[in-house]
Amino acid sequence: MSQRVAVFGAYGHTGRFVVTELRERGFVPLLLGRDESRLAASGLPYRVASVDDPVSLDQALTGVDAVVNCAGPFASTAAPVIGAALRAGIPYVDVAAEIEANVDTFAHFSEPARAAGVAVVPAMAFFGGLGDLLVTTAMGDWTSADEAHVAYGLSSWHPTAGTVAAGVVSRERRDGRRVRYTGGRLEYHVGEHDLPSLAWDFPPPLGRRRVLGEFTMADVVTVPSHLAIPEVRTYMAADAATDLAGARAPVAVDESGRSAQTFTVDVVVRRGDTRRRVVATGRDIYAVSAPLAVEAVRRILAGQTRTSGVASAGEIFDAPDFLRALSPSVSVDRHPDENRPELVTQNA
């Protein structure tokens, strides 16, 4: 019998990709959300539920094997849906890129989820999940490292409405401050108006590109949650950051709904004088979140996990094997023990 997976926020941009991925892989998706007319338009089974109504969430998760939360801002939706999942005794996966929302998930639900023996995997998406899998793979047999760098070489970044709304919430929570992971902890600070500009040497064919330092993403939560790395830094291609500020929505170029955007995620970990590098490439950061989230659900339901409770992708799954399972959506190239002097140049 096919397993039923609820998708909260199913009619959103990423939610639609997740529903399609579930169907293609033999799961039975159950669409959840507040707007019944949008749910009904899909022609698929649905239930109306709201994060403001715990009873509706409990009823929506009755008879469900797992739930994927695609509804941002996750600062508002993660806690209510996780709570309902724990009450139902089913695994929870989300695609949250919001740093503070992911911090809250680890802080508030680690003990309840562990006690319930339920897997809760936040940030199981392009930002947070993929970077964590790549860093974990790059680490290999290392138990600790001095630094981890995650550089995002996006050809463009046209944000969804959910991304824009999540950004507003995050800025309000930070009150104008910046966030970084340094000295083994998250640090909030007041920085200069402009982010530092650097040059990052991506592998061919991308090559050297200008990136923005202190463009901090969810990897600063997922990676340190299980790896002993005191410095975790993320970078964003400057052109993509400019696109993000423009807030133009992604445009589909094929029947699947994917955009033409391409990405390169270049991960470097350093221990002493030795660097290890893993590079992932693919297309459409929102569409690729679907195979990430659905593969996570598949592995949890199949018992292919290393722990329970709240855990990031790199901790709960076999990271290299998980990345292999993402092919052809994501291509991964490993460069073990790469002793290049520097991959980043100041003041590009």
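The values are calculated or read from the model by the stated rules, or taken from the named source; none is laboratory data. Note that the structure is predicted; figures quoted are calculated from it, not measured. All Cβ positions, glycine included, derive from the backbone under ideal geometry; neighbour counts span all protein chains shown. The accessibility values were calculated without ligands, DNA or RNA, using every heavy atom of the protein model including side chains. Shrake-Rupley method; radii C 1.70, N 1.55, O 1.52, S 1.80 Å.
Full extension of the chain segment joining ALA245 with VAL168 gains 26.5 nm, where the gain is 0.36 nm per residue of separation less the Cα-Cα distance. Principal-axis analysis of the Cα atoms of the chain puts helix 74-88 at an angle of about 50° to the longest axis. In terms of overall dimensions, the C-alpha atoms belonging to region 217-310 reach 41, 38, 20 Å along their principal axes, ordered largest to smallest. Distance distribution P(r), the chain, all Cα-Cα pairs, bin width 20 angstrom from 0: 32, 60, 8 percent.
How large, in percent, is the carbon and sulfur part of the accessible surface of region 31-72 at a probe radius of 1.4 Å? Carbon and sulfur together cover 47 percent of it. In the full protein context, region 155-216 carries 57 Å² of accessible surface per residue, based on a 1.4 Å probe and ignoring ligands, DNA and RNA.
Against the chain, whose longest principal axis comes from its Cα atoms, helix 99-116 is set at around 50 degrees.
Give the carbon-plus-sulfur fraction of the accessible surface of region 126-257 in %, rounded to a whole number; probe 1.4 Å, heavy atoms of protein chains only. Roughly 51 percent of what the probe reaches on region 126-257 is carbon or sulfur. Equivalent ellipsoid of region 137-194: semi-axes from √(5λ) of the C-alpha gyration tensor, largest first, are 27, 19, 11 Å.
When shorter helices are ignored and each DSSP H run of at least 4 residues is given -39500 (n - 2.57), the per-residue value for the chain at 222 nm works out to -10000 deg cm²/dmol.
Under 5 Å from the amide H of ALA10 lie the amide H atoms of LEU32, each residue being 5 or more positions distant or on a separate chain, with H modelled from the backbone and absent for Pro and chain starts.
Shape class for region 55-181: oblate, because the ratio a/c of the largest to smallest gyration tensor axis (alpha-carbon atoms, square roots of eigenvalues) is 1.5 or more and b/c is at least a/b. Beta bridges per DSSP, both residues in the chain: antiparallel share near 60 percent.
Spin-label pair ARG114-ASP146: with each label point 7 Å from Cα along the Cα-Cβ axis, the two points sit 3.2 nm from one another. Under the simplified labelling scheme, the ALA199-GLU36 pair shows an inter-label distance of 6.1 nm, with each label point 7 Å from Cα along Cα→Cβ. Can you give the net charge of the other residues whose Cβ lies under 14 Å from the Cβ of THR14, counting K and R as +1 and D and E as -1? Net of charged neighbours comes to -2.
The residues of region 4-111 expose, per residue, 39 Å² of accessible area to a 1.4 Å probe.
Rounded to two decimals, the Cα radius of gyration of region 1-107 over 2.2 N^0.38 Å is 0.98.
To the nearest ten degrees, helix 161-174 and the longest principal axis of the Cα atoms of the chain are 70 degrees apart.
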